1. Of VAL149, VAL161, VAL82, which residue is touching a helix residue (DSSP H, G or I) at 6+ places or on another chain (Cβ under 8 Å), within 15 Å of the ligand (Cβ to nearest atom) and not in a helix (DSSP H, G or I)?
2. Return the residue satisfying two criteria in turn: it lies in segment 95-130 and is assigned to a loop (DSSP other than H, G, I, E, B) and more than 11 Å from the ligand (Cβ to nearest atom), and of such residues it is farthest from VAL163 (Cα to Cα).
3. Mind listing just one residue for me: the one in segment 166-221 that is among the basic types (Lys, Arg) and assigned to a helix (DSSP H, G or I) and, of those, surrounded by the most Cβ atoms within 10 Å (Cβ to Cβ)?
4. Failed condition for ILE190, given (1) more than 13 Å from the ligand (Cβ to nearest atom); (2) without any contact (Cβ under 8 Å) to a residue 24 or more places away in the chain, with all others met?
Amino acid sequence: MRSHQVRLNCGITMPLLGLALLPSKMIGRQQNLLPIWHSRNLGMEYLDMYLVHWPVKLKPWVHWSQQFLSTKIVRLLDFASVPPAVNQVEMHPMWRQAKLRGVCADHKIHVSAYSPLGGPGNSWGTTAVVESPIIKSIALKHQATPAQVALKWGLSKEASVIVKSFNQNRLKENMEALDIKLDHQDLVDIDKLEERKIMRGEVYVNETTSPYKTIEDLWDDEI
Ligand SMILES: NC(=O)c1ccc[n+]([C@@H]2O[C@H](COP(=O)([O-])OP(=O)(O)OC[C@H]3O[C@@H](n4cnc5c(N)ncnc54)[C@H](OP(=O)(O)O)[C@@H]3O)[C@@H](O)[C@H]2O)c1
């Protein structure tokens, strides 16, 4: 498999096309290229989803992302005749994405929350969410676990929550988050939590080669 290709679960290999793979004058037409490529080469009528990862250009090839914040979403919608259906971003009780959720709702873009627990077991993640005293006290009140509270909070904001676990008991626990009911006061208390973005993408920011000179540029001043 060449470096510009990806293998789908069904076994088919296809090229990775990112917006920044193309000269900027072609970007507006990029959305037409994928369907053309599919019909000729994949023998498929459509793909369920094409995830564009991180809105930055890397050498020798590109990575664009679903991490579009408000300004980038609006800019993308300016030229996209096929608007994005889903925006997958970091979202949990300590990185609530209130502004972005509003923009996405206005444009009927579904928000999907990655690291919905704050990635507590990951080297780059944090236990701050599942160990937050506020989250713990809400969990106690509902005879739930902190993880269930965090997941139900994400669902209450009409996001899908992409939680990851390799542990059977925790998989079950996470599914049972659907059964708990958070009340208005719980949501108010969660809204008062300190905001803390985990995945900041500092590697994509520099003064010379990156279009993003500061971390605020990369995240549209929403960090
Ligand atoms: N689009 C992007 O840029 C992007 C970025 C990051 C992540 N993601 C995706 O988002 C998904 C989840 O992200 P994530 O792994 O970063 O964060 P996460 O789901 O918030 O955290 C996963 C960690 O939490 C632990 N965990 C799971 N359930 C738990 C529970 N009930 N109580 C306590 N700990 C629990 C897991 O350990 P155990 O396995 O031991 O349970 C694992 O270490 C992944 O599929 C990932 O690919 C996407």
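Since every read-out is calculated from the coordinates, none of them should be taken as a lab result. Predicted, not measured: the structure shown is a model, and the values here were computed from it. Glycine gets a Cβ as well: all are built from the backbone with ideal geometry, and neighbour counts include every protein chain shown.
1. Working: VAL149 fails: not in a helix (DSSP H, G or I); VAL82 fails: within 15 Å of the ligand (Cβ to nearest atom).
Going through VAL149, VAL161, VAL82 in turn, the sole match is VAL161.
2. Quick first cut of segment 95-130, residues assigned to a loop (DSSP other than H, G, I, E, B) only: 96-97, 107-109, 115-130.
Restricting the remaining residues to those that are more than 11 Å from the ligand (Cβ to nearest atom) gives 96-97, 107-109, 128.
Values: ARG96: 16, GLN97: 17, HIS107: 25, LYS108: 23, ILE109: 20, ALA128: 16 Å.
Applying the filter and picking the extreme gives HIS107.
3. ARG170
4. Evaluating ILE190 over (1) more than 13 Å from the ligand (Cβ to nearest atom); (2) without any contact (Cβ under 8 Å) to a residue 24 or more places away in the chain leaves (2) as the failure.
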